[in-house]
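Shown next, in structure tokens, is the structure this report addresses.
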Amino acid sequence: MGRTLAEKVWGDHVVRRAEGEPDLLFIDLHLLHEVTSPQAFDGLRKAGRRVRRTDLTLATEDHNTPTLDIDKPIADPVSRVQLETLRKNCADFGVRLHSLGDDDQGVVHVVGPQLGLTQPGTTVVCGDSHTSTHGAFGALAFGIGTSQVEHVLATQTLPLAPFRTMAVTVNGELPADVTAKDLILSIIAKIGTGGGQGYVIEYRGEAIEKLSMEARMTICNMSIEAGARAGMIAPDATTYAYLEGREHAPRGADWDAAVAYWDTLRTDEDAAFDHEVVIQADTLAPFVTWGTNPGQGAPLSARIPNPAEFADESARLAAEKALEYMGLTAGQPLREVAVDTVFVGSCTNGRIEDLRSAAELLAGRHVAEGLRMLVVPGSVRVALQAVAEGLDTVFTEAGAEWRHAGCSMCLGMNPDQLSPGERAASTSNRNFEGRQGKGGRTHLVSPQVAAATAVLGRLASPADLPPARSTSPSSRTTAGV
Amino acid sequence: MEAFTTHTGRIAPLRRGNVDTDQIIPAHWLKKVTRDGFEDGLFEAWRREPDFVLNQPQHQGASVLVAGPDFGTGSSREHAVWALQNYGFRAVISSRFADIFRGNSLKNGLLTVVLEQSRVEALWDLADGDPQAQVTVDLVRQRVLAPGLEADFELDGNSRHRLLEGLDDIGITLGNEQAIEEYEARRSTFKPRTQLV
Ligand code: SF4
């Protein structure tokens, strides 16, 4: 019988297989950041072990880094110690590190792909659950805990329990105003936050094939929000075009050999998935969350659901708690929910295409009175590209704050946080209680919905916006009509 | 890792589902560079609510947390496991755990036990009716025992063996160093490298 994409990549990485034991898998790329690595390096030191393959390891600073005044010492002493600890560990063990201030610094899941390190058919791990992002290239990529980080550092392998396979097939074409973020939020609402548990999801079908690499990363990024181990998309011409010429992409004869191998990374016609979900792309619409887990979402045109109408008791209780925390009332139209903060960024939606689509809507418009909008590029390279295209000016002229690269308000480990009761439309991936700051309330949205929301001060889609002032570069600085 | 064979203690009934890792240990606690000292961060936001289960005097000292479905969803932070252990929990019972959390727990000697939701609810009712009631989580017999309840649970043989013996995963893997070297020797040359060595 044929094999699925995930099974092929897994099979190609088995170092050792023994009856009654998990397979020992080789890891092609190990990404590190400051939060989940200190205790792992500590473990190595205590046991007198080295990093086995520094040439397959890369570290970046992202979770704690400030997005303002990056040339000054970091104000929070605890954050500073954590970054200094990473710097010392990388120096001691010979690991390549991209520190704050470096052109290749940024959110770990933005940096790996942009360097061309994330490649089809590789195994990628990181002490971070959104490692699933890298699956967009047809890599088997998943988040691991600190004990496993230590294990990979010491052995470049991981013993892993087998997974089940799920196909999420998205047929047809996405409507023009529906983005990858709307699609993945719709998928999670459909299968639930635990629905992917134990599975590696393969996203396939016409709508997926048409997506850009960056949009595919948005999809795979949030696989973990459906509880899945990983998400994958088969590599194709779009993948190769994205990779070719990148710093760490293969060249010359190596490129040809790589492509020949990558071409084999498709699920066989006769392969069977353990579970299949089919979605009709043309039925989808801009989608936002109303609750405190990413599965609690609805089309923007809907009303806040009434928990009493939930058949399942635990779903009803969860919805009641969520509405209470979110300060929302059943029956309220989502479009009437006013927000005070908009965050565009994160490893879900902090890449150049995301910034472009938000800027396009903000050009010639202004964010609503009293609303705070933060635009945080996913990496320094993304920031440099945005500046080269003049997007930073579009953002600042629209009244948004243009910040330095990092995780920022996605999880609020740095000073970018919501205050208690503040409500955000956020392009990040988690709307958990307090995720973006104690007592903060989060609605997950696409960059387009984020931009429209910023302008109108309430949850909105681009279609709700009044026409913009003329936005030709010459008129941008002059008063609009 | 500390071995786990069997543990008997009182129940903390956490009647909530979808307890995510941001609730178990909020992000600002993750700045610590050690594995200990996380106990005060455990469920930090909820601990400000007077009626939260860990604030109720009758549940002080409980060492078996019994929670609703989808416990440990969200991030890969192992700090969530350390926080539960630092606080004094030895085992967590739920009808469903998030994968990464479960893997992390078993690597640290925090036993995560999957029981049907009806059994979870029976344990909640038991703890509410008699906070002193003891539950035994027996990994040797793979059984949970409490007044009026006896339930078998499953755990893959390998994880069970490692937990029972308190084995160090890295040590075991390094025992297979030759297999790793052989694999490295046959890896494709076009695979990416982060630096030249
Ligand atoms: S941007 Fe957010 S989700 Fe992505 S790695 Fe940073 S904190 Fe995690």
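The table that follows gives values for the structure above.
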| read-out | value |
| --- | --- |
| Protein accessible surface hidden between A and B, which excludes ligands and nucleic acids, total in Å², probe 1.4 Å | 5500 |
| Angle between chain A longest axis and helix A:180-191 axis [Cα atoms, degrees, rounded to 10] | 80 |
| Sequence ranges A:417-430, A:22-35, ranked by mean other-Cβ count within 10 angstrom, highest first | A:22-35, A:417-430 |
| Cross-link pairs beyond the 21 Å C-alpha cut-off, checked among A:Lys88/B:Lys32; A:Lys8/A:Lys210; A:Lys321/B:Lys32 | A:Lys8/A:Lys210; A:Lys321/B:Lys32 |
| Radius of gyration and Dmax over the Cα atoms of the protein assembly as shown, both given in Å | 24.1, 79 |
| Inter-centroid distance (Cα atoms) of the stretch A:226-265 relative to the stretch B:65-129, Å | 38 |
| Cβ crowding within 10 Å averaged over residues, with B:112-122, A:158-168, B:181-191 ranked highest first | A:158-168, B:112-122, B:181-191 |
| Buried on assembly, the stretch B:3-46 (at least 30 Å² less accessible surface than by itself, 1.4 Å probe) | B:Arg16, B:Asn18, B:Asp20, B:Asp22, B:Gln23, B:Ala27, B:Leu30, B:Lys31, B:Val33, B:Arg35 |
| Residue-normalised accessible area of the stretch B:29-115, expressed per residue, 1.4 Å probe, Å² | 29 |
| Exercise: per-residue mean of other protein chain Cβ atoms within 10 Å, B:168-181 | 6 |
| Surface share of carbon and sulfur [accessible, 1.4 angstrom probe, percent] for the stretch A:345-481 | 52 |
| Accessible solvent surface per residue of chain A, calculated while the other protein chains remain in place, 1.4 angstrom probe, Å² | 33 |
| Cα lying deepest toward the dipole's positive end in the stretch B:6-186, options B:Asn158, B:Gly61, B:Ile170, charges on Cβ | B:Gly61 |
| Surface/4 estimate of mean projected area, convex hull on alpha-carbon atoms of the stretch B:6-186, nm² | 11.6 |
| Long-range Cα-Cα pairs in the stretch B:90-197 (distance over 20 Å), rounded percent | 56 |
| Student exercise, the protein assembly as shown dipole from Lys, Arg, Asp, Glu Cβ charges, in Debye to nearest 20 | 920 |
| Mean ellipticity per residue at 222 nm, deg cm²/dmol - from DSSP H runs of n ≥ 4 across chain A, formula -39500 (n - 2.57) | -9000 deg cm²/dmol |
| Segments A:239-246, B:54-61, A:73-80 sorted - mean Cβ within 10 Å per residue, highest first | A:239-246, A:73-80, B:54-61 |
| Sulfur and carbon atoms: percent of accessible area, the stretch A:5-275 [1.4 Å] | 49 |
| Cβ neighbours within 10 Å from other chains - mean over A:191-199 | 4 |
| With every protein chain in place, the stretch B:6-186: carbon and sulfur % of accessible area (1.4 Å) | 45 |
| Alpha carbon centroid spacing (whole Å) that separates the stretch A:298-368 from the stretch A:385-429 | 17 |
| Shielded by partner chains, the stretch B:120-164 residues - at least 10 Å² of accessible area, 1.4 Å probe, vs chain alone | B:Asn158, B:Arg162 |
| Average partner coverage of B:96-105, which counts Cβ from other chains inside 10 Å | 6 |
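The values are calculated or read from the model by the stated rules, or taken from the named source; none is laboratory data. Because the structure is a prediction, the values reported are computed rather than measured. A quick note on method: Cβ atoms are made from the backbone with ideal geometry, for glycine too, and the neighbour counts reach across all protein chains shown. Surface accessibility is based on the protein's heavy atoms, side chains included, excluding ligands, DNA and RNA. Shrake-Rupley method; radii C 1.70, N 1.55, O 1.52, S 1.80 Å.
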